[in-house]
Amino acid sequence: MERFGFVGLPNSGKTSLHNALAGGDAVAARHAFSTKSANVGVAKVPDDRLRQLAEMSSSRRAVNASVQFTDIGGLVAGSSRGEGLGNAFLGHVRDTDAIVYVLRAFVDPDIGGVDDPLDSLRVLETELALADLDSATRQLDKLSRALKGDPSLRASHDLLAGAVAVLEEGLPLYRAGLDSSARAGLRPFFMLTNKPVLAVVNVGEGQIADAQEVAAPVREELGDAEVVPLCVQLEAEAAQLDESERPELLAALGLGSGALDRFLASAYHLLGLRTFLTTGPKESRAWTFRAGATAVECAGAVHSDIQRGFIRAETIRWDHLLDAGSWVAAREQGRLRSEGKDYPVADGDVMEFRFNV
Ligand SMILES: Nc1nc2c(ncn2[C@@H]2O[C@H](COP(=O)(O)OP(=O)(O)OP(=O)(O)O)[C@@H](O)[C@H]2O)c(=O)[nH]1
Ligand SMILES: [Mg+2]
């Protein structure tokens, strides 16, 4: 499963965000470094298409897609040199597929820490870039020596040398304007700042009305990255409630419901994850696949036997299926397509696999 790592200064709200997503109650505390080991959680990816299909089929249950996230201990200036939780921290970041910066904007004199989101971002980016510079320099050294005996390493060497130049300026790689082939070429070097990023700006209750303005400087700085203002504390409290009461509370607080849902949806998309669906009376289910996957690869997500014995897939877009009213009706109306192994599955396709084992 794909994993996000929360990266933020102490007391920025990482554990609270973890709790909001998992509905859990890991210890969120007012002192710095309250999280020492990483909390790993799983969040359901909200999907209204799934809900509607489950209703259409009177499914006994609906199963959402899910993502994992790791609540990592706080980072401080100097973490890249072993200050604070130092190396353990960096190890956890290395293990993730994408980084979620948690940037504190809420002001509370009783809770120590930085409450300027842009200042926080600068500290975090500097530390990650320094950690990358250290690792990249060492790898470049090795590669330069190996290059003498193996000229085929030239492209890789030059790419890494370019990365070192960027990092020396304190710039994270994701902000260097590298094209996707350069980003892919750097992947074997396991750079932290070559991972996709998004940011949560953690606003206080009093800032909810101006949340977009509070987040604006971060959005400007990060350019293409998704920046989501959230009142993490309230979301965490709402997560403790019954699912049916939640929208009401959030609406009453003027948050609107669904800020957290939108965050999850963008996170999912950021990783290049897409969803296909299956539906029937027993269950309706959202399945995760990587953008570009074929029908036979998607069949493997359901079961390896279905992949092995794949014959064809009957498929229809989710909204067309709802429009037809049922799978049988869609077939009668000639709206089901029959697709072979190499069909590139689209986000929102409803699939039924024909197989023979
Ligand atoms: N007033 C206010 N307090 C908040 C908000 N979000 C989080 N807090 C509080 O801030 C404190 C720190 O939150 P945590 O979620 O533990 O922060 P953390 O980033 O996990 O901290 P470390 O693990 O120590 O790095 C807790 O007391 C939270 O209740 C908020 O929006 N408003
Ligand atoms: Mg914590």
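One table, with the values for the structure above:
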{"read-out": "Listing of helices (runs of 4 or more DSSP H) fully contained in segment 96-188 that carry 2 or more residues being over 23 Å from the mean Cα position of the chain (by Cα), surrounded by 12 or more Cβ atoms within 10 Å (Cβ to Cβ) and at pLDDT 90 or above", "value": "117-149, 154-168"}
{"read-out": "Filtered residues of segment 320-329 (kept if farther than 13 Å from residue 279 by Cα, surrounded by 13 or more Cβ atoms within 10 Å (Cβ to Cβ) and of a type in the set (Gly, Ala, Ser))", "value": "324"}
{"read-out": "Every pair of residues 6+ apart whose Cβ atoms lie under 7 Å, when the first sits in segment 292-310 and is over 11 Å from residue 343 (Cα atoms) while the second is assigned to a loop (DSSP other than H, G, I, E, B)", "value": "305/357; 308/357; 309/356; 309/357; 310/341"}
{"read-out": "Residue 262 touching a residue at least 24 places away in the same chain (Cβ under 8 Å), of a type in the set (Lys, Arg) and in contact with a Phe, Trp or Tyr (Cβ under 6 Å, 6 or more places away or on another chain)", "value": "no"}
{"read-out": "Residues of segment 10-24 satisfying the condition of being within 7 Å of ligand 1 (Cβ to nearest atom) and in contact with a Ser or Thr (Cβ under 9 Å, 6 or more places away or on another chain)", "value": "10, 11, 12, 14, 15"}
{"read-out": "Yes/no for residue 168 being over 25 Å from residue 267 (Cβ atoms), in the same structural domain as residue 69 (by TED's automatic domain parsing) and out of contact with any His (no Cβ under 9 Å at 6 or more places or on another chain)", "value": "yes"}
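The values are calculated or read from the model by the stated rules, or taken from the named source; none is laboratory data. This structure is a prediction, so every number in the text was calculated from the model and none was measured. Methodologically, a virtual Cβ is constructed for each residue, glycine included, from the backbone with ideal geometry; neighbour enumeration extends over all protein chains shown.
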